[in-house]
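**Student:** Mind looking over this structure? Questions follow.
The values are calculated or read from the model by the stated rules, or taken from the named source; none is laboratory data. Bear in mind that the values here come from a model prediction, so they are computed numbers and not experimental data. As a convention, Cβ positions derive from the backbone with ideal geometry for all residues, glycine included, and neighbour counts pool all protein chains shown. Each accessible area value is taken on the protein alone, full model and side chains, heavy atoms only, with ligands, DNA and RNA left out. Shrake-Rupley method; radii C 1.70, N 1.55, O 1.52, S 1.80 Å.
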Amino acid sequence: MTAKQTIEAGKAILGIEFGSTRIKAVLIDQDNKPIAQGSHEWENQLVDGLWTYSTEAIWYGLQDCYAELRKDVLKQYDCEIETLAAIGFSAMMHGYMAFNKEQQILVPFRTWRNTNTGKAAAELSKLFNYNIPLRWSISHLYEAILDNEEHVSSIKYLTTLAGYVHWQVTGQFVLGVGDASGMIPVDPATKTYDAEMVKKFDELVAPRGFSWKLLDILPKSLNAGANAGFLTPEGAKKLDVSGHLKAGIPVCPPEGDAGTGMVATNAVKQRTGNVSAGTSSFSMIVLEKPLSKPYEMIDMVTTPDGSLVAMVHCNNCTSDINAWVGLFKEYQQLLGVPVDMNELYGKLFNKALEGDADCGGLMAFNYVSGEPVTGLQDGRPLFMRSANDKFSLANFMRAHLYGAIGVLKIGNDILLKEEQVRVDRITGHGGYFKTPGVGQRMLAAALNSPISVMETAGEGGAWGIALLAGYMVQNPNKLCLADYLEEVVFAGNKGTSIAPTAEDVAGFNRYIENYKQCLPVEQCAVNSKK
């Protein structure tokens, strides 16, 4: 079939992902190749000290994103999307969306970016003997309980952003197991919430006298490939305001951006890993066995098919780089030079390759917000140098590229050095890798490991959730997810790989030691009120 025939026959598959700064839709054909796309830019808001997106922004963003996809289909193929083979929704993981029995949101959506849950996360980590990060849903819930927030007694439903959108368009209150594992730990053996931890939590909050127990308010956890419901008539209208899209389309379990990143980079097998580097960054390594002990810097989640994954999550990555590139853009405009942002990024990123391996002593902290891995509850973007450092454009850009993945290195050093975790392949995706070869080389130096980037990695999580939707409806041989990706989707394609050089590795190690020594300076900046 041609792409047009695929769409007209209702055989195309749609994936939509809510990222931190962009909602993206990707339409794929039966060979898993993207054939159309749409997007919507959005930004979180700081309201009453907490990062949030309004429910109005969620639905307007979804509808605008789909409308842009529809325009792309009309422009390319001169046809309408009437029906689809399958749909999948994914979104940034974690956070807190609590609803009452009327399905009304009780407090504004609290995103993964918030770091106000320190007391709750610490107490739960001790209770469970398991690292419970600040951004996990259970941390937000318990913090609301500790803070005596009135709404807690009215909770009927607690879910993530992906779970919320899926629920509203299908009527099914479910989550993919990977997204579920960012609410409260999942037992890889049962593929659902850890029963012992659920019991401990219920016992902990029992004296409060709530009418609910934890499993009463959490979505049902589903494995990749399961049917998670169908698009309802109301859901079709919520998605496509033009009215062309019909109800009845099967929808796969909603997943988090970590899971779709693993799928989009063919990294769900044990001893594979991926690094997603954009507004935030995280690495995911699929483990052969559990770690020897809990680490505060390392989160344990699962693949979309329930395998145990060690995750290092960093709240900040490319935002500070983007701000500096914006400054260079202003300078170009001041000189009257036309600005092509892709060219500007490319030239500045490639200039970094000319810098010293240790950035000539220059130091950059990209902390737009707090960074739990390094113990910072708030952030201040900060650039530092001493009078004798080698202050050049190349070193300046290299320092910021290093700084964007500095926290990621600190966390992964525990896995790769202390725990001796073995990894056969690490794949990078996200805006950090958009300029060919540059981000790869920096990350290879940071992790002392070859880094691969695939041509399809630029499609990101929207493509990843579309693949999971396809896995649900076009897997006649009943392959497991890892084999389906390896044999059907990627067919041996491992991308372009860059290996680290000894000089780069040594230079990054010197940089990161300076970075750790300068953390008190960043803390002082945070402590000083602006």
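**Student:** Give me the extension gain from Ala195 to Gln420: residue separation times 0.36 nm, minus the current Cα-Cα distance, reported in nm with one decimal. Please list the in-between numbers first.
**Tutor:** Details: separation 225, 0.36 × 225 = 81.00 nm, distance 2.93 nm.
Using 0.36 nm per residue and subtracting the Cα-Cα distance, I get 78.1 nm.
**Student:** Could you work out how much longer the chain between Gln523 and Asp48 gets when fully extended? Use 0.36 nm per residue separation minus the Cα distance between them, nm to one decimal. Spell out each step's value before the answer.
**Tutor:** On the way: separation 475, 0.36 × 475 = 171.00 nm, distance 2.29 nm.
Here the segment from Gln523 to Asp48 would lengthen by 168.7 nm.
**Student:** Pop a pseudo-label 7 angstrom from the Cα along the beta-carbon direction at both Ser497 and Val339 and give the gap in nm to one decimal.
**Tutor:** The answer from the label model is 4.0 nm.
**Student:** Provide, for region 1-119, the number of lysine pairs with alpha carbons under 27 Å apart, each pair being eight or more places apart or on different chains.
**Tutor:** Eligible lysine pairs with Cα atoms under 27 Å apart amount to 13.
**Student:** Oh, and also: At a Cα cut-off below 19 Å, give the lysines reachable from Lys126, other chains included and same-chain residues fewer than 8 away excluded.
**Tutor:** Counting by Cα, and skipping residues close in sequence, Lys126 has these lysines nearby: Lys199, Lys200, Lys293.
**Student:** While we're on this one: Can you give the FRET efficiency for Gln30 and Gln377, using 1/(1 + (r/R0)^6), R0 = 60 Å, r = Cβ-Cβ distance, to the nearest 0.05?
**Tutor:** Details: r = 48 Å, r/R0 = 0.80.
Approximately 0.80, to the nearest 0.05.
**Student:** Sorting check: for 501-511, 163-173, which peptide has the highest mean count of neighbouring beta carbons within 10 Å, and how do the rest follow?
**Tutor:** Numbers: 501-511: 17.5, 163-173: 23.1.
Top to bottom by mean Cβ count within 10 Å: 163-173, 501-511.
**Student:** How would you order 11-18, 364-371 from highest to lowest mean count of nearby Cβ atoms within 10 Å? Walk me through the intermediate numbers first.
**Tutor:** Values: 11-18: 26.6, 364-371: 24.2.
Highest mean packing first, the order is 11-18, 364-371.
**Student:** Another question, then. Using a cut-off of under 15 Å, list every residue of region 375-392 whose amide N is near the label point 7 Å from the Cα of Arg510 along the Cα-to-beta-carbon line.
**Tutor:** 386, 388-392
**Student:** Something else about it: If each DSSP helix of 4+ residues adds -39,500 (n - 2.57) and the sum is divided by the residues in the chain, what number results at 222 nm, nearest 500 deg cm²/dmol? Walk me through the numbers before you get to the answer.
**Tutor:** Values: 18 runs with 196 residues, N = 530.
Only helices count here, giving -11000 deg cm²/dmol.
**Student:** Would region 182-269 count as rounded, prolate or oblate if I go by the C-alpha gyration tensor, calling it rounded below 1.5 in a/c and otherwise prolate when a/b exceeds b/c, oblate otherwise? Before the final figure, lay out each step's value.
**Tutor:** Working: a/c = 2.99, a/b = 1.51, b/c = 1.99.
Note, shape of region 182-269 comes out oblate.
**Student:** If I take R0 = 30 Å and measure r between the Cβ atoms of Lys4 and Ala247 in this structure, what FRET efficiency does the formula 1/(1 + (r/R0)^6) give, to the nearest 0.05? Before the final figure, lay out each step's value.
**Tutor:** On the way: r = 23 Å, r/R0 = 0.78.
So the FRET efficiency works out to roughly 0.80.
**Student:** Now for a different question. With the other protein chains left in place, how much accessible area per residue, in square angstrom, belongs to the chain at a 1.4 angstrom probe? Don't skip to the answer; put the middle values down first.
**Tutor:** Numbers: 21220 Å² over 530 residues.
Here the per-residue accessible area is 40 Å².
**Student:** So if each residue of separation counts as 0.36 nm, and I subtract the Cα-Cα distance between Glu102 and Tyr331, what length gain in nm does that give?
**Tutor:** On the way: separation 229, 0.36 × 229 = 82.44 nm, distance 5.30 nm.
Gain on stretching Glu102 to Tyr331: 77.1 nm.
**Student:** What pairs from Lys269/Lys434; Lys156/Lys191; Lys409/Lys516 go past 19 Å between their alpha carbons?
**Tutor:** Details: Lys269/Lys434 25 Å; Lys156/Lys191 23 Å; Lys409/Lys516 11 Å.
Where the Cα-Cα span goes over 19 Å, the pairs concerned are Lys269/Lys434; Lys156/Lys191.
**Student:** Testing the spin-label approximation: label points 7 Å from Cα along Cα→Cβ at Ile145 and Asp78. State their distance in nm.
**Tutor:** Modelled inter-label distance: 6.2 nm.
**Student:** Over region 288-395, what percent of the accessible surface lies on carbon and sulfur atoms, probe 1.4 Å? Write down the numbers at each step before the final one.
**Tutor:** Numbers: 2670 of 5110 Å².
The nonpolar share, carbon plus sulfur, comes to 52 percent.
**Student:** Could you work out the relative contact order of region 230-278? I mean the mean sequence separation of Cα pairs under 8 Å and 6+ apart, divided by the number of residues, in percent. Walk me through the numbers on the way to the answer.
**Tutor:** Details: 30 pairs, mean separation 13.3, N = 49.
In percent, rounded to a whole number, it is 27.
**Student:** Where a Cα-Cα gap under 12 Å defines reach, which aspartates and glutamates qualify for Lys289, not counting those fewer than 8 residues away within the same chain?
**Tutor:** Glu419
**Student:** Further, regarding this structure: How large is the charge dipole for region 99-150, taken about the Cα centre, if only the Cβ atoms of Lys, Arg (+1) and Asp, Glu (-1) carry charge, to the nearest 20 debye?
**Tutor:** Working: 6 positive and 6 negative charges, 54 e Å.
Computed about the Cα centre, the dipole is about 260 debye.
**Student:** Near Lys220, which aspartates and glutamates are there with a Cα under 13 Å away, not counting those fewer than 8 places off in the same chain?
**Tutor:** Result set, ordered by chain and number: Asp179, Asp194, Glu255.
**Student:** Ok, one more. Return the distance in nm (one decimal) between the two label points of a simple spin-label model at Lys237 and Leu204, each offset 7 Å from Cα along Cα→Cβ.
**Tutor:** 4.2 nm
**Student:** Per-residue counts of other Cβ atoms within 10 Å, averaged by peptide: what ranking do you get for 408-421, 267-280, highest first? Intermediate values should be presented prior to the final figure.
**Tutor:** On the way: 408-421: 18.4, 267-280: 23.9.
My ranking of the peptides, most packed first, is 267-280, 408-421.
**Student:** Continuing with the same structure: What dipole magnitude, in Debye to the nearest 20, does the chain give about its Cα centre under +1 on Lys/Arg Cβ and -1 on Asp/Glu Cβ? Let's see the in-between values first.
**Tutor:** On the way: 47 positive and 58 negative charges, 68 e Å.
So the magnitude is around 320 debye.
**Student:** How big is the dipole moment of region 265-307 about its Cα centre under a simple scheme where the beta carbon of each Lys and Arg is +1, that of each Asp and Glu is -1, and everything else is neutral? Debye, nearest 20, please.
**Tutor:** 160 debye
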